[in-house]
Each structure stands twice: as C-alpha cells, then as structure tokens.
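To keep things clear, I will list the structure first and then write my remarks on it.
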Ligand SMILES: Cc1cc2nc3c(=O)[nH]c(=O)nc-3n(C[C@H](O)[C@H](O)[C@H](O)COP(=O)(O)OP(=O)(O)OC[C@H]3O[C@@H](n4cnc5c(N)ncnc54)[C@H](O)[C@@H]3O)c2cc1C
C-alpha cells in the first residue's frame, strides 16, 4: 500500500519520475492512481519523506503468480555512445545456469536487457538458452545508473512477476541487485557458488564463515528469489545458434531527475592484467612459498612464455609480491582457465573456491600433504625455486 502523508508540500517532484504516470496533483497533494506498481521511484525523490510504502508480510502473500527465471543482461561499459556495447560473458554463464533451473521448474527463461540501442542482442541471448527477451530501449539507458536501472527493473518485476532473478556478482550487479531487493522488500543471496531447485524453490548455496562451511539458503516467503553469481563460477554452455527468442519490447518513461548521480569523468585504469585475469586461459600463480618478491618475479617470465597471466594467493598479495588485482580466491577473483599452475600455494579453502573450476590444475609444493594436491590433476612434490627456472629454460628451448 502507498500512502501520502500530510507532510506533502505539493512540490510535484514525484510526478515526472513516476515511470507509470501514476501520480496526479490534486489540491496541491500527490495522489496515486491504479497504475501505481509500488516501484518506489517517488519515495526516492520526495524531499519531505511524505510518501511511504507498506508491503504485505511475506507469509500471507499469494506467490503462485510468480513464474519464470530471469537473467539480468550486463553490457560492457564503454562510456562512449558511439561504441557498440557487448554482452558480458557472465550473462551467458547465468543463462546456461538459468536454463537448467527453468527446465526443472517447467518455466520460461527470460533475459532482461536495458540499453539505449539494440545491437541485435536477442540472437546471442537466444543461443545461450533465453526463451524470451524483455527489451527496454531508452536514451537514458546509455550507461549504467543505479536509480535509472533499478527503476526499470522494479517496474518490469512488478508487471511480469518472475520467480527467480540472477545477476552477475560484478560491480554493476552488486550495485543493482541490492537496490532492487530493498525496493521490492525481498531477499538476495550474494556470490552463490551453486544454484538448484528444491521443492520448487531456488536453493542458493554460498560459502559462509570464511569459506569453512557452505550455507544453503531458501526464500519461501518472498518473490522474486534473487541471487548474484560471480563471473567464471557457472559453466557456460555451448551456444545453439539459430534459436530465436521472443522479444518483448517494454516502454519506460524515464525522467532525468531520477538520476541522482552524474558521471563527470571516466578514467579507465590501464592495468591490462587486472582486466585479463578473469578471462585468461592460462594462469601461473604463486603463493607465500615463493618467499620473496624477486623470486616471485620468475613467474612473470614463465607466464609470458606460456602466453598466460600471473595470479597470486592472498598471502602473496599481503606480502607485496603482486598487486591485489591478481589475487585469486574468495576475496579476489574467481577464475576458470584451461591451465592453472600453482607454485608454493598451500590450497586454503578460500583460494580453492576461486580456481577449482580450472580445466587442468598443476600444483608444485614441497609439502606432500598440501591440500592443493586434492584439486590438482598433476602434482609435483618439490621446490618451486628449482622447478620454475627448469620449466622456463625448457620452454625457451622449445620456442627456439
Ligand atoms: C575471509 C577470508 C578470505 C580469504 N580470501 C582469500 C583469497 O581470495 N585468496 C587466497 O589465496 N587466500 C584467501 N584467504 C587466505 C587463506 O586462508 C590463506 O591464508 C592463503 O590462501 C594462504 O596463501 P598461501 O597458500 O600462499 O600461503 P601458505 O598457506 O603459507 O602456504 C605456503 C605454501 O608454500 C609451500 N612452500 C613453501 N616453500 C616452498 C617451496 N620452496 N617450494 C614449493 N612449495 C613451497 C608450503 O608447503 C605451503 O603449502 C582468505 C582468508 C579469509 C579468512
């Protein structure tokens, strides 16, 4: 229920921001009509906090009308209106996971795309399993903005009532999903590492207590059930080209005044590795066992010869051997390269969760009981300081 209290001063600020034209000014007071979806856009802009939304308690709500699995489509941020944006890989990973969930529920898999310019995105989204694409095209969607994107998302959810929504645990997804969750008054599980269906509900699993236990989370009393998943956690399925999803074009009435944050300048940090580590095919990682920053540098040469990127454990980062942007693991980046080489890393659970999805793991550690060997396909018990130079020399010879 939405209510306007006596505090309303009749300033009309709420009228243009309502995406549904649901507010009229009557006798210098805001009055909501039946088009109101409780999206909360007016609450955000009211300067005197005169508008309040009261939501029904979860347990007493009828949730049977909520159907379908949605995936929020994330586009690359170019900051340049003329440069076409690409769909980020995490979207395809989530669609692949979402397909499995939707099949199990016997419901539709839908992609939600907000953009200023459609670049024929539906084809690609269909190839990764989307049955339907909700497409909102509007000039105000030229770059990600919390207020604008969350308002559109909330209005779509209110209109179509999905049962599940998945977002990438990226800078954008981590900003958008909590805003949507708090506006809709629903739960959100961050950084899920596994998703399944249990008794018709979304079973959301994520590490808890520093990664020492896995928590299984269900949200039986609210809809949509929402989760974020980091890039590289879900395996991306093979695309099936030629599948055409149904494209549902949605209109959005977006007013500039909704945008409370303005981007004045955009500076791209040119640390190439920071960008590359999550997409690298080969990662050569080092831990505390590399002992010094100089010895750690040997990994750079080896990685260059293999055409890879250097990764590091948190201990190595804390010791200053490598920048934080190279850290692999729970509080670093989750990676899934074709080849992961680990030197002097013990294999703490917080490291393992960030690299166990790698296709082939080769570990070098002088302790035969190091837990890293539990996930490694090939293990070498030995001294990294002897093995790294030998490998480097051998590769150099091969390249000659
Ligand atoms: C909330 C939380 C989040 C965390 N997030 C992360 C994270 O994102 N990433 C991460 O990595 N850690 C993370 N950690 C830290 C994690 O628990 C470990 O402390 C860390 O991974 C240990 O790094 P390491 O394996 O390099 O060091 P150590 O555990 O000290 O292991 C060093 C290893 O090197 C071996 N060794 C020593 N000398 C040699 C040699 N000459 N040749 C070969 N092997 C040698 C030793 O046998 C040992 O196994 C987190 C911890 C917490 C509590």
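Sorted by average packing, counted as other Cβ atoms within 10 angstrom per residue and highest first, what order do 104-112, 225-233, 46-54, 202-210 take? Please list the in-between numbers first.
Numbers: 104-112: 19.9, 225-233: 24.8, 46-54: 14.2, 202-210: 17.2.
Highest-to-lowest ranking by the protection proxy: 225-233, 104-112, 202-210, 46-54.
Would you mind getting me the FRET efficiency between residue 282 and residue 383? Use the beta-carbon distance for r and R0 = 30 Å, nearest 0.05.
Numbers: r = 22 Å, r/R0 = 0.75.
So, using R0 = 30 Å, E works out to roughly 0.85.
Calculate, for residue 31 and residue 62, the FRET efficiency according to 1/(1 + (r/R0)^6) with r their C-beta to C-beta distance and R0 25 Å; round to the nearest 0.05. Each step should come with its number before you reach the end.
Values: r = 27 Å, r/R0 = 1.09.
After rounding, the FRET efficiency stands at 0.40.
Which length gain, in nm to one decimal place, applies between residue 297 and residue 12 when the Cα-Cα distance is subtracted from 0.36 nm times their residue separation?
Using 0.36 nm per residue and subtracting the Cα-Cα distance, I get 96.4 nm.
Once the Cα gyration tensor of the chain is diagonalised, what are the square roots of 5 times its eigenvalues, in whole Å and ordered largest first, as equivalent ellipsoid semi-axes?
Values: eigenvalues 414, 97, 83 Å².
After diagonalising the Cα gyration tensor, the semi-axes are 45, 22, 20 Å.
What order do you get for 243-256, 387-400, 286-299 when each peptide is scored by the mean count of other beta carbon atoms within 10 Å, highest first? Display every interim value, and only then the final one.
Details: 243-256: 15.1, 387-400: 12.5, 286-299: 19.7.
Top of the packing list down: 286-299, 243-256, 387-400.
Relative to the longest principal axis of the chain, what angle (0 to 90°, nearest 10) does the C-alpha long axis of helix 89-105 take?
Once rounded, one gets 70 degrees.
Which length gain, in nm to one decimal place, applies between residue 137 and residue 199 when the Cα-Cα distance is subtracted from 0.36 nm times their residue separation?
On the way: separation 62, 0.36 × 62 = 22.32 nm, distance 3.65 nm.
18.7 nm is the gain from fully extending residue 137 to residue 199.
Under a plain spin-label model, where a point goes 7 Å from the Cα along Cα-to-Cβ, how far apart in nm are residue 89 and residue 24?
5.4 nm
Between residue 318 and residue 118, what is the FRET efficiency for a Förster distance of 56 Å, r being their Cβ-Cβ separation, to the nearest 0.05? Mind dumping the intermediate values first?
Numbers: r = 46 Å, r/R0 = 0.81.
The pair residue 318/residue 118 has a calculated efficiency of 0.80.
Take each of the peptides 165-176, 185-196, 18-29, average the number of other beta-carbon atoms within 10 Å over its residues, and list them starting from the highest.
Ranking, from highest mean packing down: 165-176, 185-196, 18-29.
Quick check on region 272-399: take the gyration tensor over C-alpha atoms, sort the square-rooted eigenvalues as a ≥ b ≥ c, and tell me if it's rounded (a/c under 1.5), prolate or oblate.
Working: a/c = 1.24, a/b = 1.10, b/c = 1.13.
Rounded, because the longest to shortest axis ratio a/c is under 1.5.
Summing -39500 (n - 2.57) over the DSSP H runs of n ≥ 4 in the chain and dividing by its residue number, what mean residue ellipticity at 222 nm do you reach, to the nearest 500 deg cm²/dmol?
That calculation yields -7500 deg cm²/dmol at 222 nm.
Label-point separation (nm) for residue 325 and residue 398, each offset 7 Å from Cα along Cα-to-Cβ?
It works out to 2.9 nm between the two label points.
Work out how much length residue 257 to residue 214 would gain on full extension: take 0.36 nm times their residue separation and subtract the Cα-Cα distance, in nm to one decimal.
Details: separation 43, 0.36 × 43 = 15.48 nm, distance 4.28 nm.
So the chain would gain 11.2 nm between residue 257 and residue 214.
FYI, it's all coordinate maths here, none of it is from the lab. As the structure is a computational prediction, the values presented were derived from the model and not from experiment. Cβ sites come from the backbone with ideal geometry, for glycine too, and all protein chains shown count toward neighbours.
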